[in-house]
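Rule-based calculations on the coordinates, nothing more; no lab input. What you see is a predicted model; the values in this text were computed from it and never measured. When we count neighbours, we look across all protein chains shown, and the Cβ atoms used for this are built from the backbone with ideal geometry, even at glycine.
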Amino acid sequence: MSICLENLAIRKTSGETLFSSLNMCVDKGEVLCLMGPSGCGKSTLLDAIAGHLSGEFIYTGTIRLNGVVLDNLPAHQRDVGILFQDDLLFPHLRIWENLAFALPDSIKGSERKDRAMQALKHISLVNLADSFPDQISGGQRARISLTRMLLAKPKIALLDEPFSKLDNDLRTQFRDWVVEQLKEADIPALMVTHDVADIPPGSQLLTWPWNMKQKEQTNA
């Protein structure tokens, strides 16, 4: 499995170009980190891949996921998982219900709760099953949010500064756990970050303003 961007360019409808001629591939189990100043187009690139690009932007080029061209597919058919700064859990649903919500429609009835409970057991949070999001800690919500995303069995994970709202101690612990979960899922991942400490060892790094010479392996 891989995500490939071919001659990708994104510009505003007003005419301003965010970037152009972007060519890259990320294979399964790999993480590509995107770094650069605010407004340079990092999160907009994730939006283009996910199919959520705002109407104020236009992109040209080709986005391929496992050989399938995504350009004309609606977001819900792209099999893209996204993790944001905010956990975006449903406040009116219990934790197990938040997880069950992500499961494919083919899983029916009581099996949905069984799968959700198995996921909670896997991350050692089964005791939170009947809690609501506002009753658990920020770190716990972050772990639930990633688990929910992976339960949907995405073919790629997009992470938009997922650690930025966590304190330093929790950030380090959660960052290592996220990398472990992504490796276990064995899917390609793109992560936007402003902190070099967030870059997993051996991952690729693409910085803005960029050219292909700035795409490199890092042992951070």
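Numbers at a glance
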{"quantity": "Loop-resident sites, the range 85-125, for trypsin sites (Lys or Arg not before Pro), counting at most 15 other Cβ within 10 Å (DSSP)", "calculated": "LYS108"}
{"quantity": "Span-rule helices in the chain, defined as complete DSSP H runs reaching 15 Å or more along the axis (Cα) with Kyte mean at least -0.5", "calculated": "138-151"}
{"quantity": "Span from the the range 172-194 Cα centroid across to the the range 11-62 one, whole angstrom", "calculated": "20 Å"}
{"quantity": "Helix-only mean residue ellipticity at 222 nm for the chain, each DSSP H run of n ≥ 4 adding -39500 (n - 2.57), per residue, nearest 500", "calculated": "-8500 deg cm²/dmol"}
{"quantity": "Cα gyration tensor, the range 85-157 - rounded (a/c under 1.5), prolate or oblate", "calculated": "oblate"}
{"quantity": "Convex hull volume of the chain per residue (C-alpha atoms, cubic angstrom)", "calculated": "128 Å³"}
{"quantity": "Under 16 Å from the Cα of LYS155 - aspartates and glutamates, other chains or at least 8 residues apart", "calculated": "ASP27, GLU30, ASP47, ASP71, ASP79, GLU184, ASP186"}
{"quantity": "Ranking of SER43, SER124, SER145 by count of other Cβ atoms within 10 Å, fewest first", "calculated": "SER124, SER43, SER145"}
{"quantity": "Unsatisfied cross-links (Cα-Cα over 21 Å) in the set LYS42/LYS183; LYS121/LYS183; LYS108/LYS153; LYS108/LYS183", "calculated": "LYS42/LYS183; LYS108/LYS183"}
